[in-house]
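Every number in this text was worked out from the coordinates using simple rules, so none of it is lab data. Since the model is a prediction, treat every value here as computed from it, not as a measurement. Glycine gets a Cβ as well: all are built from the backbone with ideal geometry, and neighbour counts include every protein chain shown.
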């Protein structure tokens, strides 16, 4: 069964360091999403790509976060510099129909701890 | 503003029915969803309901929608220990907006 792949599963870093997360969506899924899930809360959309183009990055803290999907397939989310408040689970998801029906397929997530 | 609310915790005994409630804010949502998150895992779509329906049944799952009150519920019949997880409702006005999640604990 096709899955969304994410790495690393766990990352511990010190504040002010740079960190990067990688996501490989399900083959053929044109839409890719990065969500942040703080412990005890629901996921919050950070950025949405349609192919290689950003569709929505209104909640992405652009002073320290960046995301790219250069060839419209896999994607990288970067944080530089990391802050204590960035500790969270970073979830990648993909969808076939641009999310219009809300059926997103999620990866297992990358858990970030900032010390 | 966008705010999808759920109760934080529900505990039931194995074999009982579970009812998880949710209130949403945006009446323009075409679909409303229930996602399940098991420990250490990503979210998985459980079921969804089209906004012009008031009930949908899918095996042990029953979704009820009250559009007037903007209230959504998920009933799980014959709850099993494997149903222990966090359940998120979500609305979709133009993007998926998740609730805070309800932790369901099933006692054997």
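Summary table
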| read-out | value |
| --- | --- |
| Hits in region B:31-52 - residues which are part of a loop (DSSP other than H, G, I, E, B), within 14 Å of chain A (Cβ to nearest Cβ) and either farther than 19 Å from residue A:41 by Cβ or in contact with a strand residue (DSSP E or B) (Cβ under 6 Å, 6 or more places away or on another chain) (or both) | B:38, B:42, B:51 |
| Meets criteria (more than 24 Å from residue A:110 (Cβ to Cβ), within 15 Å of the chain's Cα centre (by Cα) and more than 11 Å from every other protein chain (Cβ to nearest Cβ)) for residue B:13 | no |
| Filter pass, residue A:56 being surrounded by fewer than 21 Cβ atoms within 10 Å (Cβ to Cβ), under 15 Å from the mean Cα position of the chain (by Cα) and either in contact (Cβ under 8 Å) with a residue 40 or more places away in the chain or at positive phi (or both) | no |
| Residue satisfying condition, being surrounded by fewer than 17 Cβ atoms within 10 Å (Cβ to Cβ) and in contact (Cβ under 8 Å) with a residue 40 or more places away in the chain, within set B:18, B:51, B:27 | B:27 |
| Filtered residue count, region A:42-53, keeping only those that are touching a strand residue (DSSP E or B) at 6+ places or on another chain (Cβ under 9 Å) and either in contact (Cβ under 8 Å) with a residue 60 or more places away in the chain or exposed (fewer than 14 other Cβ atoms within 10 Å of the Cβ) (or both) | 1 |
